[in-house]
Amino acid sequence: QVQLVESGGDFVQAGGSLRLSCSTSGLIFSISVMGWFRQAPGKQRELVAIITSGGTTNYADSVKGRFTISRDNAKNTVYLQMNSLKPGDTAVYYCTADVRRTILRPVSTYWGQGTQVTVSL
């Protein structure tokens, strides 16, 4: 089984910064896309940012210019640097990875358990 574990969530004041990390474990042949989603109370889960194995990134309009996604392919780890945080960024943040476990297996999407980010005024 593949596991994703997020860390770095915290309580921070508006304007502050946080860095989320997501590490992987288990049998992994390759990971194509890794990303971050978030879900605020009473709202649907939404895309925050994704990054391909080649480093191509895509961001939600709401976080462009404030958040930066990066990854370490050697460690199969993805990061999310969050600057200029706003109360509207408060949510549980989930990482995701499209994993091929062996060369013969199809790609499957895995999710972490989430880490809470709370931004106060």
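For segment 87-121, a residue qualifies if it is of a type outside the set (S, T, N, Q), in a loop (DSSP other than H, G, I, E, B) and surrounded by 14 or more Cβ atoms within 10 Å (Cβ to Cβ), and the qualifying residues are Arg101, Gly112, Gly114.
Every residue, every condition in (1) without any contact (Cβ under 8 Å) to a residue 40 or more places away in the chain; (2) out of contact with any Lys or Arg (no Cβ under 8 Å at 6 or more places or on another chain), yes or no:
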{"position": "Phe11", "(1), (2)": "no, yes"}
{"position": "Leu18", "(1), (2)": "no, yes"}
{"position": "Cys22", "(1), (2)": "no, yes"}
{"position": "Gly26", "(1), (2)": "no, no"}
{"position": "Trp36", "(1), (2)": "no, yes"}
{"position": "Leu47", "(1), (2)": "yes, yes"}
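Selection over segment 1-20 of residues that are part of a loop (DSSP other than H, G, I, E, B) and not aliphatic (A, V, I, L, M) gives a count of 7. Looking across segment 34-57, the residues that are open to solvent by 50 Å² or more (accessible area, probe 1.4 Å) and either modelled with pLDDT under 95 or in a loop (DSSP other than H, G, I, E, B) (or both) come down to Pro41, Gly42, Lys43, Gln44, Arg45, Ser53, Gly54, Thr56. In segment 69-86, how many are closer than 19 Å to Gln13 by Cα and open to solvent by 10 Å² or more (accessible area, probe 1.4 Å)? Looking only at that region, the number is 4. Restrict the check to segment 18-33 and report whether at least one residue is open to solvent by less than 60 Å² (accessible area, probe 1.4 Å), over 23 Å from Gln1 (Cα atoms), in contact with a strand residue (DSSP E or B) (Cβ under 9 Å, 6 or more places away or on another chain) and at pLDDT 95 or above. Scanning segment 18-33 turns up at least one residue that is open to solvent by less than 60 Å² (accessible area, probe 1.4 Å), over 23 Å from Gln1 (Cα atoms), in contact with a strand residue (DSSP E or B) (Cβ under 9 Å, 6 or more places away or on another chain) and at pLDDT 95 or above.
The values are calculated or read from the model by the stated rules, or taken from the named source; none is laboratory data. What you are looking at is a predicted structure, and each value in this text was computed from that prediction instead of being measured. Virtual Cβ from ideal backbone geometry, glycine too; neighbours counted across all protein chains shown. Keep in mind that these areas ignore ligands, DNA and RNA; they rest on the heavy atoms of the full protein, side chains included. Shrake-Rupley method; radii C 1.70, N 1.55, O 1.52, S 1.80 Å.
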